[in-house]
Amino acid sequence: MSDATPSAAAVRQEQRARRLLEAKLTQLAAEAGSLAVEAPEPGSQVQYGKRAGDHVAEVADRAARSRTAGELEKLGAEVRAAVGKLDAGTYGCCDDCGQSIPAARLEVLPWATRCVGCQAQPRR
Ligand SMILES: [Zn+2]
């Protein structure tokens with residue numbers, strides 16, 4: 001094999017990232033599916049008229065048990081965006097500043113599309 005790819009390690013990393021991202025999308029789809037079954041009517045479980053603190057605690061409790069549909073959607077969009085970056089060959093580059101995202105960050109967050117510094121900035 002005389003493959004003249006400059007960085008075989010980078011290619012391997014991208015292949016691994018793609019597998020992780022696809023697995024994540026599958027997992028999110030499954031989570032969204034179970035969410036649809038478990039939460040028949042949004043709002044029906046939260047009763048108003050109680051003390052305000054009760055409502056907050058209830059919401060926090062539900063959030064702890066499973067991600068909300070909105071969160072799943074947001075995460076799904078991030079994962080799909082990362083897959084798009086793989087396709088475009090820009091995977092691992094920050095969307096905002098264009099610098100490469102540290103491998104350690106991609107290790108824990110394969111769908112990261114921005115570096116830690118830019119992620120900390122509120123998006124305009
Ligand atoms: Zn950045």
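The values are calculated or read from the model by the stated rules, or taken from the named source; none is laboratory data. On a predicted model such as this, the values are computed, not experimentally measured, just so you know. Here the Cβ positions follow ideal geometry from the backbone for every residue, glycine too, while neighbour counts run over all protein chains shown.
Here is how the numbers come out for the structure above:
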quantity	calculated
Where ALA81 falls short, out of the listed (1) closer than 27 Å to GLY117 by Cβ; (2) at pLDDT below 95	(2)
Failed item, numbered, when LEU72 is tested on (1) part of a helix (DSSP H, G or I); (2) modelled with pLDDT under 90	(2)
Every residue from segment 78-101 that is in a helix (DSSP H, G or I), surrounded by 12 or more Cβ atoms within 10 Å (Cβ to Cβ) and among the aliphatic types (A, V, I, L, M)	VAL79, ALA81, ALA82, VAL83, LEU86
Segment 106-124, residues that are of a type in the set (Lys, Arg) and surrounded by fewer than 17 Cβ atoms within 10 Å (Cβ to Cβ)	ARG123, ARG124
From ALA112, ALA104, residue being among the aliphatic types (A, V, I, L, M), within 11 Å of the ligand (Cβ to nearest atom) and not in a strand (DSSP E or B)	ALA112
Residue that is nearest to ALA10 (Cα to Cα) [pool: residues in segment 85-101 that are among the charged types (D, E, K, R) and within 11 Å of the ligand (Cβ to nearest atom)]	ASP95
Residues (over 19 Å from VAL79 (Cβ atoms), more than 9 Å from the ligand (Cβ to nearest atom) and either in contact with a Cys (Cβ under 9 Å, 6 or more places away or on another chain) or outside any helix (DSSP H, G or I) (or both)) located in segment 115-124	PRO122, ARG124
Members of segment 21-31 found to be among the hydrophobic types (A, V, I, L, M, F, W, C) and exposed (fewer than 15 other Cβ atoms within 10 Å of the Cβ), listed by number	ALA23, ALA29, ALA30
